[in-house]
């Protein structure tokens, strides 16, 4: 005869498997997140960036995501100061004879070099470098935040898996105790029922 698999056995196995999967994925997420954070910090440290005195991190080595963001902010502040508060899109391509940072897009009005060609607006070109640097630093900050998020999610997954495993174990133990209790009740009531059978038979004969 084929032995039927009890539904409780299937549910228990499914609960244990789900718990193990959550624990494994949680641990993997934590490891990947920690490695990502460390990679970001190692890469920043290799650049030997020191925070300027007018920043939030004066004299500190930029080797964390938050410090990278602080450095990106001060780079933008310095660039805005040098450009008179103008952004890249607000400045002209060419320099003007009066040295105005706003520049001009009219080649006829632009300052000329010795060969008569328009001179590029240096303040505008500096925005390209400043934007590239600040974008890289902000990307490092974002990458570190992603790593932190991965660690937090890993912890959450592991706690969920642990709780799921405890719940499965508790449910299994409760079912086992219920079975033992029911079996004990049947064993207790069986002798009493058997002892009443002769009496019933004799009364019927009478």
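Counting other C-beta atoms within 10 Å, which of 151, 146 has the fewest, and how do the rest follow?
Least crowded to most crowded, the residues run 146, 151.
Can you sort 63, 113, 39 by how many other beta carbons sit within 10 Å, fewest first?
If I rank by nearby Cβ atoms, fewest first, I get 113, 39, 63.
With no solvent and one point on each alpha carbon, what is the Debye value of log10 I(q)/I(0) for region 46-98 at q = 0.14, 0.21, 0.32 Å⁻¹?
The Cα Debye sum returns log10 ratios of -0.48, -0.76, -1.24.
How many times 2.2 N^0.38 Å is the alpha carbon radius of gyration of region 10-94?
This ratio for region 10-94 stands at 1.90.
Suppose we keep just the alpha-carbon trace of region 13-169; what are its Rg and Dmax in angstrom?
25.0, 86
Which whole-angstrom value gives the distance between the alpha carbon centres of region 24-71 and region 79-157?
After rounding, the separation between the Cα centres reads 23 Å.
What are the extents of the Cα atoms of region 61-124 along their three principal axes, in Å, largest first?
48, 21, 16
Here, each number is a calculation from the coordinates, and none is a lab measurement. Because the structure is predicted, anything quoted here is derived from the model rather than measured. So basically every Cβ, Gly included, is an ideal-geometry build from the backbone, and we count neighbours across all protein chains shown.
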